[in-house]
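First the structure, in the form of structure tokens, and then the observations on it.
What follows is calculated from the coordinates using simple rules that are stated; it is not laboratory data. As the structure is a prediction and not an experimental result, all values here were calculated from the model. Here Cβ is always computed from backbone atoms with ideal geometry, including for glycine, and neighbour counts include all displayed protein chains.
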Ligand code: FAD
Ligand code: EPU
């Protein structure tokens, strides 16, 4: 990174940036697990033009950047991170529109808002995302979804994912250029994609029209199932490990079998309800969560021979 003093960053950004920005911004308030150090600079652009200018500015100083959605799948190191963090929080990035059977949404739409929109407009296709607290951009990067409750009766697909009904993505590359990317070129897999180093600024989905009441009922039933099996109102980043592929058992069940429910390191605790969740019971640190993850991985490997892969994304210091 080229040497750039905080005062220079502020002066230069003020000259062209329409959105808001802050140097040395603590990130813990921007993650659902409430852990995270300081970003060198935190930018909230107003629209795509502003975003492109910010990206070009950061590039010219060789300052790496990352986008943060709702921070619901992130574990961020404490201390200072030598990166810029961009959040698509402006109203522009929250737009959703529908034309016939195609829904378009920008990259900063929160999934709960998408579901409210779906109910109001009688749109079906996203109900299974109920209870996932992320944004459209984060959900697409992670290919968010759930275990398929209809399998094997209706379909052989083991997971329902946001990319299932996706047609095309609208992405901004690292030079600030926007282009469209076909779903098949995004490399979607279970809990991932090959979308690295780009910003999701929008996406087109194929949807179905259904009675509003029916959409609301489906959302309610997905939420009810989740309320029984997961801790939803605590500080966590959701499931910490991926389900092991090719094994007929979930990561949560493996962790429970290893008798790790309730195990704590400091303020980090393996959830008593869903063993694949690690909960921050107060002021858990990054290191405590990492240590607990290592302990879980080692014990499960010892007991079952299965190596758990991390599902949450870790942002380390650079
Ligand atoms: P973030 O966590 O902010 O970021 C995740 C990744 O996406 C990062 O790499 C980030 O840089 C990138 N990113 C974010 N926005 C953009 C963008 N616009 N352009 C480019 N990159 C971007 N996940 C599931 O799949 N299924 C579940 O059932 C589920 N349940 C959960 C329940 C709880 C209680 C919690 C806390 C989490 C759960 N999650 C679940 C995890 C999480 O909500 C999802 O992965 C979600 O899609 C992440 O979205 P986000 O906006 O919070 O992304
Ligand atoms: N189970 C246990 N103990 C536990 C947790 C689960 O025995 O502590 C058992 C359950 O009884 C059930 C099986 O494991 O028989 C599967 O449980 P669940 O339906 O909760 O699904 P999962 O595979 O554990 C996946 C996703 C969740 C998503 C649910 C929706 C992964 C890693 N997790 O969990 O996603 O909400 O399906 O059914 O794929 C996330 O990614 O953050 C996340 C929460």
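In terms of other Cβ atoms within 10 Å, 297, 147 run from fewest to most in the order 147, 297.
Kirkwood Rh and Cα-based Rg: tell me the resulting Rg over Rh for the chain, rounded to two decimals.
Rg/Rh: 0.97.
Taking 8 Å as the Cα distance limit and 6 or more residues as the minimum spacing, I'd like the relative contact order of segment 232-315 as a percentage. Contact order relative to length: 36 percent.
Quick check: from the Cα gyration tensor, does segment 9-99 come out rounded (a/c under 1.5), prolate or oblate?
oblate
Shown is the FRET efficiency for residue 211 and residue 173, computed with R0 = 41 Å from the Cβ-Cβ distance and rounded to the nearest 0.05: 0.50.
Note on residue 15 and residue 224: their simple-model spin labels are 6.0 nm apart, each label 7 Å out from Cα toward Cβ. Look at the alpha carbon pairs under 8 Å that are at least 6 residues apart: their mean separation over the length of the chain gives a relative contact order of 17 percent.
Shape class for segment 93-215, computed from the alpha carbon gyration tensor (a ≥ b ≥ c): oblate, with a/c not under 1.5 and a/b at or below b/c. Calculated mean residue ellipticity at 222 nm for the chain: -8500 deg cm²/dmol, from DSSP H runs with n ≥ 4 weighted as -39500 (n - 2.57), summed, divided by the residue count and rounded to 500. Packing here is the average count of other Cβ atoms within 10 Å per residue, and on that basis the peptides 300-313, 263-276, highest first, run 263-276, 300-313.
Taking label points 7 Å from Cα along the Cα-to-Cβ direction, residue 24 and residue 7 give a separation of 1.4 nm.
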